[in-house]
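Asks: Pasting a structure here, questions to come.
The values are calculated or read from the model by the stated rules, or taken from the named source; none is laboratory data. On a predicted model such as this, the values are computed, not experimentally measured, just so you know. Every residue, glycine among them, receives a Cβ derived from its backbone with ideal geometry; neighbour counts consider all protein chains shown.
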Amino acid sequence: MLSGKKLSKRYPSAVALEEVSIDIAAGQICGLLGRNGAGKTTLFRILCGLIKPDSGSLVIDSTRKKPVGGIIERPGLYPYLNAQDNIRIFAGIQGTSTSPAAVNEILLKVGLPVDRKDPVRNFSLGMKQRLGIAIALINNPECLVLDEPFSGLDPVGVSDLISLIVRLAREEHIAVLLSSHMMGEITRCCDTLYIIEQGRIVNHGPTQDLIEAHITSFSISARNIASSHILQNFTVEFGPNDAKVNCLAEDVPALLQNLLNEGIQVTSCLPVITLEELTKTKSDAITA
């Protein structure tokens, strides 16, 4: 669907991208995870055709009128117009229907009301993000590129946006590439991950495989967990009702059974994964 090979981009002050390769298939959600300034936005600008790479190749296998739709940094909306008028302007620019039926179809696709007529400056941040996605979906693109779509959203807004992105990928068969510097949001919805650090892809693979390979600790929640004897065999950081336990994933089943044998009822056990761990290459992890 979308394939970038050895994409590089240099500016007088810094190297933004260095031989970055990335592949996304139809219906797949791919995450690009990295710190601020790692090169995510530069890559997205190249994929959307806003800038040209200094070297490398980009192939988008598309039979649709619009190969790629996207939001770079933030939705470019007209705040003094309502949602319908915003869509009409962008639909007109892109040479597609601006009829009420066509506009309403796009609004409904992203879960926005069709009867709201006030300016979008009154919209919540989550609604503005949905409207931005609606505009990106004009002309039914093969690939959707979303740069930091969860930034500034509250937990409910994040959950709603994740549900929308998953639905678009699965039901519309759109290849979705989204970026973030926040672990939790991007790992909840992505099939695959690319980890970018200082303009280079340092790790990539199926999300679950990549996370499991870099787990160093688990957060275990239980009443009176600090009274556990078995946890004395581990490096542990205790909280009021939980414990961050340094251990391997393979040690967890036995640990949970031992806690149960001690009479400690575990209510949750979640892996703790950090961006710092994911940016380590296999050789780094072995050395560490």
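Asks: Criterion first (more than 19 Å from the chain's Cα centre (by Cα) and surrounded by 13 or more Cβ atoms within 10 Å (Cβ to Cβ)) does ILE46 satisfy it?
Replies: no
Asks: Quick check on GLU105: is it in the same structural domain as CYS30 (by TED's automatic domain parsing) and either buried (at least 17 other Cβ atoms within 10 Å of the Cβ) or on the phi > 0 side of the Ramachandran plot (or both)?
Replies: So GLU105 does not fit the description; no.
Asks: Going by the structure shown, is ILE195 part of a helix (DSSP H, G or I), of a type in the set (A, V, I, L, M, F, W, C) and either within 19 Å of LYS40 (Cα to Cα) or in the same structural domain as LYS6 (by TED's automatic domain parsing) (or both)?
Replies: On the way: part of a helix (DSSP H, G or I): no; of a type in the set (A, V, I, L, M, F, W, C): yes; either within 19 Å of LYS40 (Cα to Cα) or in the same structural domain as LYS6 (by TED's automatic domain parsing) (or both): yes.
No: the conditions fail for ILE195.
Asks: So, ILE60, is that one in contact with a Pro (Cβ under 7 Å, 6 or more places away or on another chain) and surrounded by fewer than 21 Cβ atoms within 10 Å (Cβ to Cβ) or not?
Replies: Against the criterion (in contact with a Pro (Cβ under 7 Å, 6 or more places away or on another chain) and surrounded by fewer than 21 Cβ atoms within 10 Å (Cβ to Cβ)), ILE60 qualifies.
Asks: Anything in region 1-52 that is in contact (Cβ under 8 Å) with a residue 12 or more places away in the chain and polar (S, T, N, Q)? List them, or say none.
Replies: Within region 1-52, SER3, SER8, SER21, GLN28, ASN36, THR41, THR42 meet the criteria.
Asks: Got a sec? Which of LEU7, LEU108 is more than 20 Å from the chain's Cα centre (by Cα) and under 16 Å from ILE196 (Cα atoms)?
Replies: Every option except LEU7 fails the conditions.
Asks: Of all residues in region 246-277, which are within 30 Å of HIS204 (Cβ to Cβ) and either touching an Asp or Glu at 6+ places or on another chain (Cβ under 8 Å) or among the hydroxyl-bearing types (Ser, Thr, Tyr) (or both)?
Replies: Result: ALA249, SER268, PRO271, THR274.
Asks: Mind telling me which of the residues ILE89, ILE71, ILE60 ends up being at pLDDT 90 or above, assigned by TED's automatic domain parsing to the domain that holds LEU144 and either under 30 Å from LYS117 (Cα atoms) or within 21 Å of the chain's Cα centre (by Cα) (or both)?
Replies: It is ILE89.
Asks: Oh, and also: Taking region 17-43, which residues are crowded, with 16+ Cβ neighbours inside 10 Å and among the charged types (D, E, K, R)?
Replies: Passing the criteria: GLU18, ASP23, LYS40.
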